[in-house]
Structures are given as structure tokens and as C-alpha cells.
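Notes follow once the structure below has been shown.
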Amino acid sequence: MKNMKFLGYCMMALLMGLVCLPVMAGDNVVLVEKTVAESAKGATLSLTLNNQDRINGLQFDIHLPKGVTVVDDKNNSPKLTERLKGLNLVCREISEGVYRFLAFSMNGSFVLGNTGAIVVIPLQFEPSFAKGEYEVKLTNVMLSVNGPDNTNSSSTSPDNTGILIVQ
């Protein structure tokens, strides 16, 4: 009888422990894809997101080589892919060659799927930009993760570097 009572307490403690486990964010990683471009024509940089969580917003900084800028005019500008349908995108140059991107939802939309392109960024080169391989750095990546109880928390993705090849 004493053992049954002890076993009951153990089971209760185990169940309470399982219920009280903290919810941890899954692996959510934003990556800069390798880009090959002809300097006269510019390039399109693509970023991908591999996510395990429901993401409803993200922010990141892109560091471009000197002589490369983001095209942002009426005819051509950074765009979200279908995975981010329903989200809005804002892009601003925050210092020379560093652009901050913010994608957010005003209506409760989430990133669709778990892998694939999320943003395409048109780039232009100065006329004297030399051919070669250049680093494109992705930093300050923050994701808004929507948990099972509909509360948001933040998650980060490690900084990483992509390669821009200009031919």
C-alpha cells in the first residue's frame, strides 16, 4: 500500500514535470544564397529560411560590398516570396552598405512551409565595380515565433555569409 502511494506521487511528479517543460524554439535559420552576376546587369540576391516554428515576422541586416547597392524604386525593389504572402516588407539603408529588412504581419499571417526562399533583393553595381568574389554578410537576424498558446517570442538565427560572384 505504501509503495502504491509512493508510485502515485512519482507518477504525479513525472506528469507535472512534463506539463511544466519550457517550450523551446526549434531550429530557424536564415541563409544568404550564393549569387552569380554580370556586373553590367546587376544581380538578384535570394535569402532562404529553414524553420521548424511558426514565424510571423523577421528582421535582418545585409552587409554589401562597397560599390553594391539595393535597388529600391518604382520598377524594381526587394520583394517577399509566396512563402511570406500576407506579410509586409520594409528596407532601409542604416549605414553605408548596410541594409535593414523588416518583414511583419498586420493581419496574423505566418511564413508558409518550412524551407525555401523568403526574400529576393535586386542589386546594382557601380560602373567601375570589379569582377571577383565578394562576401555578403547577414547579421542581427531576429524572428518572431508564434507559440502553441498564440503568444509570440523571439528567436535568433546565427549570422552567416554568402558569396556574390561578379563575372
| query | out of contact with any Pro (no Cβ under 8 Å at 6 or more places or on another chain), under 18 Å from Thr81 (Cβ atoms) and crowded, with 16+ Cβ neighbours inside 10 Å, is that true of Leu143? | reply | yes
Kindly check whether there is at least one residue in the stretch 155-164 that is open to solvent by 10 Å² or more (accessible area, probe 1.4 Å), modelled with pLDDT under 95, more than 16 Å from Val32 (Cα to Cα) and assigned to a loop (DSSP other than H, G, I, E, B).
no
When every residue in the stretch 107-121 that is among the hydrophobic types (A, V, I, L, M, F, W, C) and open to solvent by 20 Å² or more (accessible area, probe 1.4 Å) is compared, the one farthest from Asp27 (Cα to Cα) is Val120
Contact list, first residue from the stretch 107-135 and on the phi < 0 side of the Ramachandran plot, second anywhere and exposed (fewer than 15 other Cβ atoms within 10 Å of the Cβ) and aliphatic (A, V, I, L, M), beta-carbon distance below 8 Å, six or more apart or interchain, is Phe125/Ala40; Glu133/Ile163; Glu133/Ile165; Tyr134/Ile163; Tyr134/Ile165; Glu135/Ile163
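The values are calculated or read from the model by the stated rules, or taken from the named source; none is laboratory data. This one's a predicted model, so the numbers in the text were calculated from it and none came from an experiment. A quick note on method: Cβ atoms are made from the backbone with ideal geometry, for glycine too, and the neighbour counts reach across all protein chains shown. Accessible surface areas use protein heavy atoms only, side chains included; no ligands, DNA or RNA. Shrake-Rupley method; radii C 1.70, N 1.55, O 1.52, S 1.80 Å.
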